[in-house]
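Read-outs throughout are calculated quantities, based only on the coordinates presented, and are distinct from any laboratory measurement. This is a predicted model, so every value here is computed, not measured. Here the Cβ positions follow ideal geometry from the backbone for every residue, glycine too, while neighbour counts run over all protein chains shown.
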Amino acid sequence: QTEQGNAAGSDAGKSGFRALRSRAWFNNPESADMTALYLERYLNYGLTIEELQSDRPIIGIAQTGSDLSPCNRHHLVLASRVRDGIREAGGIPIEFPLHPIQETGKRPTAGLDRNLAYLGLVEVLFGYPLDGVVLTIGCDKTTPAALMAAATVNIPAIALSVGPMLNGWHEGKRTGSGTIVWKAREMLSKGEIDFKGFVELVASSAPSTGYCNTMGTATTMNSLAEALGMSLPGSAAIPAPHRDRQECAYYTGKQIVEMVAADRKPSDILTRSAFLNAIRVNSAIGGSTNAPIHLNAIARHVGVELTLEDWESHGADIPLLVNLQPSGEYLGEDYFRAGGVPAVMGELARAGLLDGAALTANGRSVADNVAHVKIADEDVIRPFDRPLKPAAGLTVLGGNLFDAAVMKKSVISDQFRARYLSNPDDPEAFEGQVFVFDGPEDYHARIDDPALGIDERSILVIRGAGPIGYPGGAEVVNMRPPAALIRAGIDALPCLGDGRQSGTSGSPSILNASPEAAVGGGLALLRDGDRIRVDLKTRSVNLLVSDAELATRRAALAAEPFRFPEDQTPWQAISRKITGQFAGGAVIEDAVRFQKVAQVH
Ligand code: FES
Ligand code: MG
């Protein structure tokens, strides 16, 4: 399945690796005593001087799997095939752990850990004798954390996806990660299931090792890593337990050695063309609303100009081709059998929508990689001329409440459209009264309070959920309506917020609003009962009050800033001081000036 390029071959170690950076540690004639010191401890478990001084590349395996990280845990198994591939091609593997990031297990949010893992990996890649690295990716934040670090350090790097779980099934129906949780919560609210039934239904979606089998943030980011050219073509969609996944691990190990020989670095692959290709692929797969945050972050660390506006201008009009939950009906195994990322890219390439010249990890161009790929199941991956939805990319909105926010158009349901977007004079716009929650705890405490008077014309707003307010940014904007409304058949209300939303949610929320309330953004000005107008045609969200009233509220906010919960850990406090807004990738702003740091070693 996975196509591998010009592998270096078993004699690679004997030639072609001039100027390996690991020589500065292990074979530095100018500093014999330091070389001895560096060598000494790496010998103590059986590596030999001959191996370390043979001018063979030292290849790191950045291990994201652990018992704390079930989504990526299978990398503990795959690493042995990665090692085989590295050895086969003449390299020396050195495996090391990354700060664990588990999307579902980490409190208050795994979003807080992306930049921490990034910092840690930058230090490792910079400070140790590594000539190249295999990035083991999978669960949501592990992919961007690893790619961001590779972008900063800029040593040859290739990503290996752990792969999605097998499809979940319950009573003959596919149950998808995350997506089934939203449905199960609804059923629990309606009294259709009890807690035991809830757990049973949710657990059915996780039948094997691997990451979320829906088109959530994990499948999205692993697909985009491939679309960017940072992993082998065909590698993203292979389910974790398949034998092809093990083969892919082996080929990835071989490939990184060839990349070191060719000195093919992240900066050669992660060009603006590659990012624009990835934006288009994101629309075609119905990718997560977390994608712009992470892709923009990677771009900033590699020094490529990329803005949210690029998502609108290059991605908004791309049709939805992949029929995966939450936008569609299928799951990861189906995506793989239908052809995965190469099948999608083949359709886009033939439609003239990809830059085929973009270079990928195997040394070949995107055009070469996808030239002969065909869709194997046109119900799962649609041909370009028969899409599931036209113009299904993310829409970028602005207005008097924030500079930028995104909305995933592909998940607007017919029911939602009929209720909110059916005014014949104004089919792309709706107005409503807002109910405002300050962070997820406030939302959970009050949503079912009948005194609020939330009805089917209301708009739910959550603030204090951005990268500063709820450090790392809470995945909470897709708020379920009050249980009483759900029982009356209203299963979704329009939502707006400065937080994120799980990629597995099928809610057309307006999210990632930047700047967030916690740094003085306009959501902090809202009060219960205010009316706002959402217009998808003009891409605007506006609070319907006079400019004078807006100015009065701004002055009041400046005098008394928006309050958010106290720091619970040192990193929360540090992160709040150094992290930027979602629109700019929520990166550590001061880290952006460090570019290609490996070259100045
Ligand atoms: Fe880890 Fe979804 S929770 S991939
Ligand atoms: Mg998530």
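Please turn the phi angles of region 348-355 into ³J(HN,Hα) values with the Karplus equation 6.51 cos²θ - 1.76 cosθ + 1.60 (θ = phi - 60°), one per residue in order, whole Hz, x for glycine and proline.
Per residue, the Karplus-derived 3J(HN,Hα) values read 5, 5, 5, 7, x, 9, 10, 7 Hz.
Which whole-Hz couplings ³J(HN,Hα) result when phi for each residue of region 288-297 is put into the Karplus expression 6.51 cos²θ - 1.76 cosθ + 1.60, θ = phi - 60°, listed in order with x for Gly and Pro?
5, 6, 7, 4, x, 4, 6, 5, 5, 5
Among 497, 540, 69, which residue has its Cα furthest toward the positive end of the charge dipole of the chain, with +1 on Lys/Arg Cβ and -1 on Asp/Glu Cβ?
Most positive-ward Cα: 69.
Filter the trypsin sites (Lys or Arg not before Pro) in region 323-425 down to the DSSP loop ones having no more than 16 other Cβ atoms within 10 Å, then list what survives.
On the way: sites: 337, 350, 364, 374, 408, 409, 417, 419; in loops: 364, 374.
Those that pass, being in a loop and sparsely packed, are 374.
Explain nothing, just the number: dipole magnitude of the chain about its Cα centre with +1 on each Lys and Arg Cβ and -1 on each Asp and Glu Cβ, in debye rounded to the nearest 20. It would help to have the intermediate numbers written out before the result.
Numbers: 57 positive and 70 negative charges, 81 e Å.
Dipole of the chain, to the nearest 20 debye: 380 debye.
For a quick check: sort 189, 410 by the number of other beta carbons within 10 angstrom, fewest at the front. Intermediate results must be reported in sequence, preceding the final value.
Working: 189 19, 410 25.
In increasing order of surrounding Cβ atoms, one gets 189, 410.
Once a ≥ b ≥ c are taken as the square roots of the eigenvalues of the Cα gyration tensor of the chain, is the result rounded (a/c under 1.5), prolate (a/b larger than b/c) or oblate (a/b not larger than b/c)? List each step's numbers first, then the result.
On the way: a/c = 1.93, a/b = 1.61, b/c = 1.20.
The shape class here is prolate.
Among 277-290, 230-243, how do they line up by average Cβ neighbours within 10 Å per residue, starting with the highest? Kindly include the intermediate steps, with their values, before the conclusion.
Working: 277-290: 28.4, 230-243: 24.7.
Averaged packing, sorted descending, gives the order 277-290, 230-243.
How would region 499-573 be classified by its alpha-carbon gyration tensor: rounded, prolate or oblate, with rounded meaning a/c under 1.5 and the a/b versus b/c comparison settling the rest?
Details: a/c = 2.63, a/b = 1.09, b/c = 2.42.
Verdict is oblate for region 499-573.
Which lysines have a Cα less than 19 Å from the Cα of residue 409, not counting those fewer than 8 places away in the same chain?
Of all the lysines, those that pass the test against residue 409 - Cα under 19 Å, at least 8 places apart if same chain - are 389, 537.
Rounded to the nearest 5, what % of DSSP beta bridges with both residues in region 401-542 are antiparallel?
For region 401-542, the DSSP antiparallel bridge percentage is about 50.
Just for region 288-433, what percent of DSSP beta bridges are antiparallel, to the closest 5? Please report the intermediate quantities before stating the final value.
On the way: 7 of 8 bridges.
Antiparallel bridges make up about 90 percent of those DSSP assigns within region 288-433.
Explain nothing, just compute: Karplus ³J(HN,Hα) = 6.51 cos²θ - 1.76 cosθ + 1.60, θ = phi - 60°, for every residue of region 33-40 in order, whole Hz, x for Gly and Pro.
Those phi angles translate into 5, 5, 4, 4, 5, 4, 5, 3 Hz.
Indicate the gyration tensor shape class of region 400-550 (rounded, prolate or oblate), computed on the Cα atoms with a ≥ b ≥ c the square roots of the eigenvalues: a/c under 1.5 is rounded; otherwise a/b larger than b/c is prolate and the rest oblate.
rounded
Tell me, in nm to one decimal, what length is gained between residue 123 and residue 568 on full extension, where the rule is 0.36 nm per residue of separation less the Cα-Cα distance? Don't jump to the answer; show the numbers that get you there.
Working: separation 445, 0.36 × 445 = 160.20 nm, distance 2.49 nm.
Stretched fully, the residue 123-residue 568 segment lengthens by 157.7 nm.
At 222 nm, what value in deg cm²/dmol follows for the chain if DSSP H runs of at least 4 each add -39500 (n - 2.57) and the sum is divided by all its residues, to the nearest 500? Display every interim value, and only then the final one.
Details: 22 runs with 217 residues, N = 601.
So the helix-based figure for the chain works out to -10500 deg cm²/dmol.
How far is helix 75-88 tilted, in degrees, relative to the longest principal axis of the Cα atoms in the chain, given as a value from 0 to 90 rounded to the nearest 10?
Here the helix axis deviates by roughly 30 degrees.
Where a Cα-Cα gap under 16 Å defines reach, which lysines qualify for residue 183, not counting those fewer than 8 residues away within the same chain?
Within reach: 173, 196.
Mind checking the angle between helix 142-153 and the chain's longest principal axis? C-alpha axes, 0 to 90 degrees, to the nearest 10.
50 degrees
Could you tell me how many degrees, from 0 to 90 and to the nearest 10, lie between the Cα long axis of helix 243-262 and the main elongation axis, the longest principal axis, of the Cα atoms of the chain?
60 degrees
Quick check: residue separation of residue 317 and residue 452 times 0.36 nm, minus the Cα distance between them. What number comes out in nm?
Details: separation 135, 0.36 × 135 = 48.60 nm, distance 3.87 nm.
So the chain would gain 44.7 nm between residue 317 and residue 452.
Counting other C-beta atoms within 10 Å, and keeping those with at most 13, which DSSP coil trypsin sites (Lys or Arg not before Pro) do you find in region 125-234? Working shown, then result.
Values: sites: 141, 173, 174, 183, 185, 190, 196; in loops: 141, 190.
Filter output for region 125-234: 190.
Using the crude model of +1 on Lys and Arg Cβ and -1 on Asp and Glu Cβ, and no other charge, please compute the dipole size for region 70-223 relative to its Cα centre, in debye to 20. Before the final figure, lay out the partial values.
Values: 14 positive and 13 negative charges, 52 e Å.
Roughly 260 debye, rounded to the nearest 20.
Arrange the peptides 107-113, 393-399 so that the one whose residues have, on average, the most other Cβ atoms within 10 Å appears first. Present the calculation step by step, with values, prior to reporting the outcome.
Values: 107-113: 20.6, 393-399: 22.1.
Packing order, densest peptide first, comes out as 393-399, 107-113.
Could you tell me the distance between the Cα centroids of region 67-104 and region 361-411, to the nearest Å?
Each part reduced to its Cα centre gives a spacing of 30 Å.
When you count, for each residue, the other Cβ atoms within 10 Å and take the mean per peptide, how do 578-591, 29-42, 205-218 rank with the highest first?
Working: 578-591: 21.4, 29-42: 12.2, 205-218: 27.9.
Result, highest mean first: 205-218, 578-591, 29-42.
Taking +1 at the Cβ of each Lys and Arg and -1 at the Cβ of each Asp and Glu, which of 249, 181, 235 sits farthest along the dipole of region 168-288 towards its positive end, judged by Cα position relative to the Cα centre?
Ranked along the dipole, the leading option is 181.
In whole Å, how far is the Cα centre of region 494-556 from that of region 114-188?
30 Å
With charges set only on the Cβ (+1 for Lys and Arg, -1 for Asp and Glu), what does the dipole of region 521-601 come to about its Cα centre, in debye to the nearest 20?
On the way: 12 positive and 10 negative charges, 60 e Å.
Charge dipole, region 521-601, about its Cα centre: 280 debye, nearest 20.
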